[in-house]
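First the structure, in the form of structure tokens, and then the observations on it.
The values are calculated or read from the model by the stated rules, or taken from the named source; none is laboratory data. Everything numeric here is computed off the predicted structure, so don't read it as measured data. Every residue, glycine as well, gets a Cβ built from its backbone with ideal geometry; the counts of neighbours run over all protein chains shown.
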Amino acid sequence: MIDLRSDTVTKPTPGMRRAMAEAEVGDDVYGEDPTVNRLQERAAELLGFEAALFVPSGTMGNQVAIAVHTRPGQEVILEAQSHIYNVEMATLARFSGVQPRPLPGQRGVITADQVRAAIRPNLYYLAQTGLVCLENTHNAAGGTIFPLGVAREVLAVAHAHGIPVHLDGARIFNAAVALGLPVSELVRGFDSVMFCLSKGLGAPVGSVLCGSREFIAEARRVRKALGGGMRQAGILAAAGLYALAHHIDRLAEDHENARLLAEGLAQIPCLSVTPPETNIVLVEIVRGPTAPELAERLKRRGVLVAPAGAGTEPRKLRLVTHLDVSRQDILRTIDLFWEELRGV
Ligand code: TLP
């Protein structure tokens, strides 16, 4: 099977499995797992933050950040297609007692002017803005890179109002590699950043939340409260350390494969393909089968693709490249699309 549904589907490489098998472990709830501690130190150093916390998932990383930054009754400004707003089951309302204030973005980007206009005036009978969240790269928009200049303007506006800014950087390393910039440059000024080890970086499980020492101390409490206190998690952290050492630069291959895929599929008359900025290709089926129908047909031929927007967009597919997909697989996928769509 060629699995293009997500970059979350990667299996640990033999080298990664060895690192996991050999990991030194301890009880991380006591703060005694040396491998978890090393991962957290490495992540903080790489992103340029004081401290970091290993969490089981990206969702937990985002939600812990929201819980620490906000108080119940506040509002969180975010983009209307963002993962936090759309694919995290209203958890911000459930666990943090805050309401989202979604702003319509352009390919995932909200501007400083939009944020300024959405910040509530300081009147006692209005919900106060507790947090702004940005997403880089933006999943639903097709792995788009949040322009650094716009991010800095949003940071300046939010901070001028005393409002913290969290970055859902699930795929921030894809953005850094695509731009050829150190990841620390892209996250400078944010009050917290979550990035996933379990996506393009190829680890089986885990994300990391970065922030100030004080923020992470509180985040550790909230993680435990949510049931995310793990014990001998060094086995998982070892995969993360391995990924940070070996799987960052190779993301460029995924981007190259995504470009190749997009160019190939764009030749098919009934498809409209958004040129990818990183590793996510969005394909609109202008006529012919619906996205679920085409996905089913391709599955029978050995290629897995996912309807976009968690199935809410009946004519759009999302294809994601990652380290278990080769250039050969991409060429084969393009051929199979042609075979299924010839004459449409
Ligand atoms: N995204 C998953 C699905 O939930 C859609 C995927 O396959 O792309 N932020 C962003 C931007 C994400 O794309 C995701 C996962 C998360 C957060 C949550 O990460 P996990 O799945 O580890 O909770």
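Could you check how many residues of segment 67-84 are more than 12 Å from the ligand (Cβ to nearest atom) and under 19 Å from the mean Cα position of the chain (by Cα)? Number satisfying all stated conditions: 4. When residue 178 is tested against (1) part of a helix (DSSP H, G or I); (2) within 13 Å of the ligand (Cβ to nearest atom); (3) within 16 Å of the chain's Cα centre (by Cα), just one condition goes unmet, and that condition is (2). Within segment 117-149, the set of residues being without any contact (Cβ under 8 Å) to a residue 60 or more places away in the chain and not in a loop (DSSP other than H, G, I, E, B) comprises 117, 118, 129, 132, 134, 135, 138, 148, 149. Filter segment 47-66 down to residues that are part of a loop (DSSP other than H, G, I, E, B) and crowded, with 19+ Cβ neighbours inside 10 Å and give me whichever is nearest to the ligand (Cβ to nearest atom). Step by step, filter segment 47-66, then rank; the result is 56. In this structure, is residue 32 assigned by TED's automatic domain parsing to the domain that holds residue 213, in a loop (DSSP other than H, G, I, E, B) and without any contact (Cβ under 8 Å) to a residue 24 or more places away in the chain? It is true that residue 32 is assigned by TED's automatic domain parsing to the domain that holds residue 213, in a loop (DSSP other than H, G, I, E, B) and without any contact (Cβ under 8 Å) to a residue 24 or more places away in the chain.
Could you list all residues from segment 218-257 that are over 20 Å from the mean Cα position of the chain (by Cα) and free of Cβ contacts under 8 Å to residues at least 60 places away in the same chain?
Matches in segment 218-257: 221, 225, 227.
None of 127, 118, 141 is at pLDDT 95 or above and under 16 Å from the mean Cα position of the chain (by Cα) except 141.
For every residue, the table says whether it meets (1) among the aliphatic types (A, V, I, L, M); (2) surrounded by fewer than 21 Cβ atoms within 10 Å (Cβ to Cβ).
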site	(1), (2)
219	yes, no
236	yes, no
252	yes, yes
266	yes, yes
269	no, yes
282	yes, no
290	no, yes
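Inside segment 136-183, residues that are acidic (Asp, Glu) and surrounded by fewer than 24 Cβ atoms within 10 Å (Cβ to Cβ) make up a count of 1. Of the strands (runs of 3 or more DSSP E) entirely within segment 267-344, those holding at least 1 residues that are away from the ligand (no atom under 15 Å from the Cβ) and over 17 Å from residue 8 (Cα atoms) occupy 271-273, 280-285.
Exactly one residue out of 243, 262, 239 is in contact with a strand residue (DSSP E or B) (Cβ under 7 Å, 6 or more places away or on another chain) and assigned to a helix (DSSP H, G or I), and it is 262. Remark: pairs (first residue in segment 86-114, assigned by TED's automatic domain parsing to the domain that holds residue 67 and part of a strand (DSSP E or B); second residue at pLDDT 95 or above and charged (D, E, K, R); Cβ separation under 8 Å; 6+ apart in sequence or on different chains) = 99/75; 100/75; 101/75; 102/79; 103/79; 109/79. Selection of segment 150-174 for residues being in a helix (DSSP H, G or I), out of contact with any strand residue (DSSP E or B) (no Cβ under 9 Å at 6 or more places or on another chain) and small (Gly, Ala, Ser) yields 156, 160.
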